[in-house]
Amino acid sequence: MQKTVRTFQMLEREQIRVHGFTSSQCYILLETYKHQNLSMNELSEKMHLEISTITRIMNNLVRDGLIIRKKSSYDKRVVEAILTDKGQTVARKLKDSISIYYRDIISNLPRGHVREVMSAVERLVNALEKAKY
């Protein structure tokens, strides 16, 4: 189990690293791309990281002109992350690259067993999430 999880992490990290990002930076960009704007609390919950960690990662993304922080229009205490145009472009490239990577993995599965494998992976992910808490 540990070897499987580690292999997934290492291989996916290699796909992300060629773009010059850490896994955490990538996931912040992808989550923000998917939802258009997210509060720091929402990012923290989605990524299972402390707000202080999200803030530190976010500082680099802001510095690089990929994300801007903006006070929420409905609650000035809430800070939202919004992708810049440059951030949108980068996030789209990351999303496409990761999609191609997983498509390649799936194409290497034995014909007729893709659904079976995907179902098993989904059960594994659910078990990992439950064990985390």
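Just one of (1) more than 30 Å from SER119 (Cα to Cα); (2) modelled with pLDDT of 90 or more trips up TYR74, so point out which.
All conditions pass for TYR74, except number (2).
Give the residues of the range 36-86 that are outside any helix (DSSP H, G or I), among the small types (Gly, Ala, Ser) and on the phi < 0 side of the Ramachandran plot, sorted by residue number.
Answer for the range 36-86, where residues must be outside any helix (DSSP H, G or I), among the small types (Gly, Ala, Ser) and on the phi < 0 side of the Ramachandran plot: SER39, SER72, SER73, ALA81.
What pairs come out if I take residues in the range 22-51 that are under 14 Å from VAL79 (Cα atoms) and in contact (Cβ under 8 Å) with a residue 24 or more places away in the chain and pair them with residues that are part of a helix (DSSP H, G or I) and acidic (Asp, Glu) whose C-beta lies under 8 Å away, six or more apart or interchain?
Listed pairs, sorted by first residue: LEU38/GLU31; LEU43/GLU31.
Considering each of LYS71, LYS130, LYS86 in turn, give the residue that is among the charged types (D, E, K, R) and under 30 Å from LYS3 (Cβ atoms).
On the way: LYS71 fails: under 30 Å from LYS3 (Cβ atoms); LYS86 fails: under 30 Å from LYS3 (Cβ atoms).
That would be LYS130, the only listed residue that is among the charged types (D, E, K, R) and under 30 Å from LYS3 (Cβ atoms).
The values are calculated or read from the model by the stated rules, or taken from the named source; none is laboratory data. Please read all numbers here as calculations on a predicted model, not as lab measurements. Here Cβ is always computed from backbone atoms with ideal geometry, including for glycine, and neighbour counts include all displayed protein chains.
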